[in-house]
Structures are given as structure tokens and as C-alpha cells.
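Have a look at the structure below, then the notes.
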Amino acid sequence: MEFLTKVWAKEVAKPQEIEATSTPKPETSKSQSEKASASDEIKESPQDNTTVKKDWGYDLYPERRGETFKPKWSRILFGLEGQENIDRFKCEENVYWCVKNGPLVKLMMGALKSSGCAIDLRRHISCEVCDPSVTGGYDPKLNQIVVCQNMAKNKSMVHGVLTHEMIHMFDYCNNDLDFRNVDHLACTEIRAANLAHCSFLSAMFQGDASPFNVKEAHQNCVKSKALASVLAVRSISKADAIAAVERVFPKCYADLEPIGRRIRRNSTDQQKAYMEGPMYGYDVY
């Protein structure tokens with residue numbers, strides 16, 4: 001039994017969740033593309049009885065829907081909101097710093113340029129106020145990276161967000177990625193988690209590693225992060241998301257382009273990956 005299936009089975013075993021998770025929706029004769037596009041339908045929000053379009057996770061990025069963020073007085077009094085213009089400036093400053101100094105960001109920008117998808121900072125990267133559950137995102141409709149200024153507040157976090165989302169942009173540029181296809185989405189999320197986030201230390205923190213599964217710790221971390229990302233932007237059941245991740249995992253986990261290696265914490269792997277870029281035909285930014 002696969003790792004994600006085991007985790008999901010434990011959750012389903014909880015009495016309070018059995019009814020919500022153990023009853024699969026009846027299948028129809030729809031094609032795979034029709035099933036994938038089902039996530040774009042309009043849904044009712046029980047909190048405010050308003051309609052929210054679940055389209056590439058746009059409900060997590062209000063400004064993507066043309067909404068203007070309005071801070072609440074109660075949160076302004078506690079200093080939690082009301083400084084959006086300052087936050088945006090700091091975010092843009094951190095983005096610029098990462099572009100000039102971040103090894104993986106520089107590598108990804110060079111790889112994108114070599115692939116015919118060069119990044120223009122003013123056009124392709126935007127700092128915005130997002131839902132607190134996310135730190136960034138990639139908008140395939142506008143081919144634009146979103147850095148969540150209210151969540152990614154330091155250079156390290158912005159560097160991680162940019163690297164993660166640039167991997168999505170690289171896949172979209174090179175691999176004819178269709179975000180409406182859940183297998184494509186699962187694959188690019190696996191690659192982003194594999195190349196930009198997971199290490200044994202991060203696996204320990206999120207509970208995917210122990211002294212008894214050291215070899216599998218990294219893979220389990222990647223699966224967990226990919227699953228969470230798929231569920232964040234798609235209205236599908238957890239069982240369907242797990243099936244998609246497990247289905248494409250072997251091939252996508254083995255694909256290390258364009259970084260070429262899995263990054264270990266507290267190591268020189270980032271600098272090595274950047275220096276090795278030209279060896280594999282990528283421009284040095």
C-alpha cells in the first residue's frame with residue numbers, strides 16, 4: 001500500500017470523517033478532459049452565500065478576480081492590516097534581491113530564457129494580498145507568478161516561492177502543461193516539491209520521516225506537499241488527488257530538470273546547481 005493511501009486510510013478511519021470521505025461520488029461516462037474541467041464550475045460559498053469560481057485556484061488570490069483588498073478596522077488596530085502598500089514595496093524589494101542573488105532563482109530564470117520564455121519582472125511577477133493558506137501561485141492564464149506579500153515576508157520565503165512557481169512556469173513553457181488535467185497538475189507539483197522544498201529535515205517537521213524510513217522520507221515529503229497543493233487549487237476528492245499523485249509519481253519524481261539535483265538544507269547544493277547550469281545548455285542569468 002502506497003504512503004499517501006496509508007495516510008488517507010488512517011484519516012478515513014476517524015469516525016467524524018467517515019461519512020464525508022468514504023462515500024465516493026458516482027462515476028459517469030465523461031472523458032478525462034471533461035472531468036478535469038469540472039473543477040472550473042461555479043460553487044456556492046456557505047459563509048456568505050456568494051458565488052465563487054474555482055478556476056485555477058483564483059479563489060485564493062482575490063486580486064486575480066479584480067477585487068480590491070479592504071483591510072478591517074479591527075485588524076488595523078492590532079497592526080495586522082492596513083500597510084498593504086508598504087508590504088508590496090518590501091515584497092518587490094525581496095523579489096529583486098532574489099533575482100540578483102538567489103542561486104536557484106537565477107538558474108530558473110536562465111533556464112526559462114534558454115527555453116524561449118524569458119521573464120520580465122514587471123510583466124511576469126506580481127506581489128499581491130492572498131488567502132493566508134498560500135504563499136504564492138502561478139497563473140497559467142496570464143503566465144504570471146504571484147508572490148503573496150502578506151505571507152512571504154522575507155527573502156528566504158520569497159526565494160522559495162519564486163523557485164517553486166518558476167518550476168511550474170518552466171513546465172508550462174516546455175512540456176505543454178494543462179493545469180485542467182489533474183495528472184499534469186500533480187506532476188508539476190511533485191517536481192516543484194522535489195526540487196524546491198523537501199529535505200529530510202523538512203520531512204521530519206511535517207511528520208513524514210522517522211528513523212525507520214530514512215530512505216523514503218524525501219519521497220513521502222514530496223507526496224504530502226504535492227497532495228496538499230493539488231487539493232488547494234482543485235475541487236476534487238482526496239481519493240482522486242491521491243490517485244493522481246501516485247499515478248504520475250515515479251516519472252515526475254525522477255525528472256530533475258532544470259535544477260539537476262535535489263537540494264539539501266545547509267549545503268552548497270544551490271550554488272552547485274547554479275554553476276552546473278551551463279553544462280546542460282542553460283543560460284547563466
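The values are calculated or read from the model by the stated rules, or taken from the named source; none is laboratory data. On a predicted model such as this, the values are computed, not experimentally measured, just so you know. Methodologically, a virtual Cβ is constructed for each residue, glycine included, from the backbone with ideal geometry; neighbour enumeration extends over all protein chains shown.
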Residue count for segment 262-285, restricted to those that are under 22 Å from Ala217 (Cα atoms), surrounded by 13 or more Cβ atoms within 10 Å (Cβ to Cβ) and of a type in the set (Lys, Arg): 2
Residue ranges of helices (runs of 4 or more DSSP H) in segment 122-229 with at least 3 members at pLDDT 90 or above, under 30 Å from Glu92 (Cβ atoms) and outside the structural domain of Ala241 (by TED's automatic domain parsing): 155-174
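Going by the conditions given, is Val245 surrounded by 18 or more Cβ atoms within 10 Å (Cβ to Cβ) and in contact with a helix residue (DSSP H, G or I) (Cβ under 9 Å, 6 or more places away or on another chain)? Working first, answer last.
Working: surrounded by 18 or more Cβ atoms within 10 Å (Cβ to Cβ): yes; in contact with a helix residue (DSSP H, G or I) (Cβ under 9 Å, 6 or more places away or on another chain): yes.
The answer is yes for Val245.
So that you can scan it fast, the table gives a plain yes or no per residue for (1) in a loop (DSSP other than H, G, I, E, B); (2) modelled with pLDDT under 95; (3) of a type in the set (Gly, Ala, Ser):
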| residue | (1), (2), (3) |
| --- | --- |
| Phe69 | yes, yes, no |
| Glu81 | yes, yes, no |
| Ile86 | no, yes, no |
| Met108 | no, no, no |
Qualifying positions in segment 254-285 - outside any loop (DSSP other than H, G, I, E, B) and under 10 Å from Leu195 (Cβ atoms): Ala273
